[in-house]
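All of the numbers you see were taken from the coordinates with simple rules; none came from a lab. Model, not experiment: these values are computed from the prediction. Cβ placement follows ideal geometry from the backbone for every residue including glycine, while neighbour counts extend to all protein chains displayed.
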Amino acid sequence: MLQFFFAYRTEIPDNLKGQLFSPQHLMTLTIILAVWVTLILLLRKRSFEARRKFLHSLCFSLPVLELSRIIWFVAIGHFSFGDSLPLHLCGLMCILMPLMAVTEHPILKEYAFAVGFAPAVIALLTPDVWDYPAISFQYIQSMTVHGVISFIPVFMVFAMGYKPDIRKLPRVIGLVLVFALIMVPVDLLTNGNYFFLFKAPPGTPIEVFDKLVGWPWYILPTFLLGCVLWGICYLPFEAARLLGRPKIRLSSADKG
């Protein structure tokens, strides 16, 4: 199996390929969840500065991981401007999350929560690398990247005291739409499919919508699904706020 560690999907024998929700996939998800819980339990009682430095290290690990993927594409001769750049929704997080760490801009923090968590979790549940074996560069890299992207907002909430604010969500959605509009000419120029605007990725909910209504109409139910997921993610925080539950008091140094 190790001889196919750096292989592209078309070069991997069928008997070594994985499947969605196979033991390999479920074990990977279990490991990721266990790492999340362990890190939060270990770090939430550390000093705020220690937690902040750890958050920064997570954010800056993303461009390094994404660069390794680009180098891999170049090395095996499969680099493509239409597929290999960090311009998908999660790929952009590898740029925006380090920017969030440096600037601590409130909208970037909200973007990290709203766009970082749900889409990355969906990518973990329905990864586009599902057909790679577990012991392969692309599988490990992709699952690690999406695991880190989705963990960062979890860490912000449970270890840094960050409070998502649904009132900022419209601006986050507006930013997503701006990025999507930018990707239209990029896709046309590169013959790409960034943001999955021209083709639904196989094995995902988007593919289901594509089969039901076709292109480009599958974009609308995909956006509505995103709105539902955002509602679910914000519901506990808004419920606590509306019901007037006591909030955890943080020192001024700990406010994220």
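Go through segment 59-81 and report how many residues are without any contact (Cβ under 8 Å) to a residue 24 or more places away in the chain and outside any loop (DSSP other than H, G, I, E, B). Don't jump to the end; show me each part of the working.
Step one: filter segment 59-81 for residues without any contact (Cβ under 8 Å) to a residue 24 or more places away in the chain, giving 64, 67, 70-71, 73-74, 77, 79.
Filter once more, keeping what is outside any loop (DSSP other than H, G, I, E, B): 64, 67, 70-71, 73-74.
The number of residues fulfilling the criteria is 6.
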### Task
Only residues that are in contact with a helix residue (DSSP H, G or I) (Cβ under 8 Å, 6 or more places away or on another chain) and of a type in the set (G, A, S): list them for segment 1-42, please.
G18
### Query
Can you tell which of P119, P133 is touching a residue at least 40 places away in the same chain (Cβ under 8 Å) and under 11 Å from the mean Cα position of the chain (by Cα)?
P119
#### Entry: Residues of segment 1-21 satisfying the condition of being free of Cβ contacts under 8 Å to residues at least 12 places away in the same chain, assigned to a loop (DSSP other than H, G, I, E, B) and at negative phi
P13
### Query
Would you say S84 is in a loop (DSSP other than H, G, I, E, B), of a type in the set (S, T, Y) and free of Cβ contacts under 8 Å to residues at least 40 places away in the same chain?
yes
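Only one of these is within 25 Å of P86 (Cα to Cα) and exposed (fewer than 15 other Cβ atoms within 10 Å of the Cβ): K53, K45. Name it.
K53
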